[in-house]
Amino acid sequence: MSLISQNAVQKRRLEKTNDSDEVALDAEAGKKARSHNNEIKDWKRKKAKELKARQTQEAEEMKQLENSLFGAIYAPPEFGTEAWSIVPAQDQDGPLFFMDRSAGDGMPVYEEDLGSDDETVGGKGRKPAWVDDEEDRTEVDIVKVARLRKLRKEADECVISGREYEARLRSQHAKLNPFTGWADMDRIAPLPDAESDDEEGGVDNALRNNDELVVKGTAKLLPAMLDFSRLVDANVQERSSGPINSVQFHRNGQLMLVAGLDKHLRFFQIDGKRNPKIQSIFIEDCPVYKASFLPDGSEVILSGRRKFFYSFDLVKAAVSKIGPLTGRDEKSLESFEVSPDSKTIAFVGNEGYILLVSTKTKQLIGTLKMNGNVRSLAFADGGNQLISSGGDGHVYHWDLRTRKCMHKATDEGSLAGLSLCTSPDSSYFAAGSSSGIVNVYKRDEFLGGKKKPLKTIENLTTDIGQMKFNHDAQILAICSGKERNGMRLVHVPSFTVYQNWPGPRFSLHYPRCLDFSPGSGFLSVGHAGGKVLLYKLHHYQNA
């Protein structure tokens, strides 16, 4: 064979090998592309499932929050979470609705019903909406479903009537959720026993207990030693990953908000035992420096070191971003106060300006100007007046109806005012300074020209971060976040500090915020470690 023919054969073999290599490479590339596409599809399906699960969880949390705020109409949780459930689908052979006897007190009473001789409900003059016939009553097998067996009163009990089933469900719910009585707005407290001690058993009952000898809740709080106990942390079910800047009780006394630098707003139902979490909201672009309920309980205002702030509507479950405020160039709206009438939000602005924002329109409605920088604010007189202090060491009183300064005086011994608070009736106000000194004034005397404080409290030596009077102004709580265990409770009538607070066994870490429940039964303290400490004040019987 010639050399030319041999080269031709080798050339054809080489071309064939190259073609097969290219086909193999194309096949491998196609396989990788299909694998990549499958990975993308799997990732998208995973993200869709996570989004759906998150939306479902948020919907459930919002439903729990609404139930905690306004009371559940008929939305019972499931068994297994220490709550009661409705009849399973296979057992739903009865009517789809029933008479809610617990809401009977909330039904309107008409004049024509009051004088009627017909059958009434509870003896209060209200007729039942309807009466079930005998043939319409449902029977429920409480042995067939495992989670309903706890409703049995006897070991061999199997089938009960629908009315009895309803009553046992309500009883079970009352056992597991004892703190829902606040939702009954028409509830009337029981009247004291009118029987005389001279009647049979009266003297014996008086000797067996001391209920009538000790008046609880209305007696004056004693100084020196405070009767309290430490409860499980308020945010035990989900602690914060950063310092806590705000804790506050809702007006119902059971719901608490917790917010801090981890950008989360959390709600907890406070019962002192489990303190279950109701809802958690993540604010992506704003570490929360302050969060506060509106006094009417319908909304939460959140702010941080940003030109804007957020509003969370509890009724609509909607978060709104507001700002920057028109005509202003503030770099931070981190400090604010809400008026007791829920009409005005006062923000600390730049260069001594106080910004007044309407809670209804979220628009700037006015400004106030004081000398020096504004550091703290407090409302008085039901929201008609505003008190401010700052870098010039003066305390200003503003009339919000005329937007004018009605009084200005020096806070004794203060070089820079950092915090202010007023008592619920506005009779007292306290001013805290950067040196740790707190001056307590009688507001009428201060406005009348008396500059001497009623008492100067010198138990702390660092910046006073927050102060708070309890509901009857018998306790003033002051705290400093720059000092370990830097919190004191002051007995206001005697102006003495409680000696046993917080006690040798308890540590407050570095307290940053605090709040009393509406009835002062609970005291909460949020600290830099991400926990919200909860205490029971035994002198007060109501949360």
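The values are calculated or read from the model by the stated rules, or taken from the named source; none is laboratory data. Bear in mind the structure is a predicted one, so any value in this text is a computation, not a measurement. Every residue, glycine among them, receives a Cβ derived from its backbone with ideal geometry; neighbour counts consider all protein chains shown. All accessible areas refer to the heavy atoms of the entire protein, side chains included, with ligands and DNA or RNA removed. Shrake-Rupley method; radii C 1.70, N 1.55, O 1.52, S 1.80 Å.
Brief remarks follow.
- Backbone amide hydrogens, once placed in the peptide plane, bring Lys442 within less than 5 Å of Leu454, excluding anything fewer than 5 places away on its chain.
- With q set to 0.08, 0.16 Å⁻¹, the log10 of I(q)/I(0) for the stretch 403-543, from the Debye formula over equal scatterers at the Cα positions, is -0.21, -0.83.
- Site pair Met225 and Ser494 shows an inter-label distance of 1.2 nm when each label is modelled 7 Å from Cα along Cα→Cβ.
- Separation in nanometres of the label points that stand 7 Å from Cα toward Cβ, at Asn350 and Gln363: 2.4
- For the stretch 455-520, the fraction of alpha-carbon pairs in successive 10 Å shells from zero, as %: 21, 55, 23, 0
- Over the C-alpha trace of the stretch 265-401, radius of gyration and Dmax come out as 15.7, 49 angstrom.
- R0 of 51 Å, Cβ-Cβ distance Lys408-Asp233: FRET efficiency to nearest 0.05: 0.75
- Equivalent-ellipsoid semi-axes of the stretch 339-424, from the Cα gyration tensor, Å, largest first: 21, 14, 11
- For the stretch 354-401, alpha-carbon Rg relative to the globular expectation (2.2 N^0.38 Å, N residues): 1.16
- In terms of the mean number of neighbouring beta-carbon atoms within 10 Å, the peptides 274-282, 312-320 order highest first as 274-282, 312-320.
- The phi-based Karplus calculation (6.51 cos²θ - 1.76 cosθ + 1.60; θ = phi - 60°) puts the 3J(HN,Hα) values of the stretch 260-266 at x, 6, 7, 6, 10, 10, 10 Hz, whole numbers, x for Gly and Pro.
- Once all protein chains are placed together, Asp42 keeps about 80 Å² accessible to a 1.4 angstrom probe.
- Label-to-label distance, Thr456 versus Ala59, with points set 7 angstrom from Cα along the beta-carbon direction: 6.2 nm.
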